[in-house]
1. Tell me which residues, restricted to the stretch 57-106, are β-branched (Val, Ile, Thr) and at pLDDT 75 or above.
2. Write out, first by first residue and then by second, each pair whose Cβ atoms fall under 6 Å of each other, whose residues are 6+ apart or on separate chains, and whose first residue, in the stretch 29-58, is free of Cβ contacts under 8 Å to residues at least 24 places away in the same chain while the second is surrounded by fewer than 10 Cβ atoms within 10 Å (Cβ to Cβ) and in a loop (DSSP other than H, G, I, E, B).
3. Considering each residue of the stretch 54-79, count those that are charged (D, E, K, R) and within 12 Å of LEU40 (Cα to Cα), and give that number.
Amino acid sequence: MTNTGQRNWQGYPVQSTIWLMNWKKGNAVKDSLFLIAYELRTPLTYLQGSIEAILDGVWKPDREHFTNCHEEIMRITRLIQDLNTLTNLEWENITFNKTDLLPDLE
């Protein structure tokens, strides 16, 4: 099964949204690289395990498994597209404001 995780209203992973809001805080480069590696490692690990299971004969090469692999490939593609978008932004002209995305539960 594909683990899509929690997503924001635009369909982006919550971790990526939090990272973007905190871009200028702390050690941005180190934090960014850590998150990028984490976000890429998860789908790549799933793909590696799935393909090995098919090659080893543990899973049958059926539509369900290929569909799940395709979903992970699309996830990686979206992450790379987001990285391309971020690298093309002019960071010095952008200001991020922290906003509470969850209503008060009190």
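1. Taking the stretch 57-106 and keeping what is β-branched (Val, Ile, Thr), we get 58, 67, 73, 76-77, 80, 85, 87, 94-95, 99.
Correct list: VAL58, THR67, ILE73, ILE76, THR77, ILE80, THR85, THR87.
2. So the pair list comes out empty.
3. Final tally of qualifying residues: 3.
The values are calculated or read from the model by the stated rules, or taken from the named source; none is laboratory data. Not measured: the values here are computed from a predicted model. With ideal geometry, Cβ positions are generated from the backbone for all residues, glycine too; neighbour counts draw on all protein chains shown.
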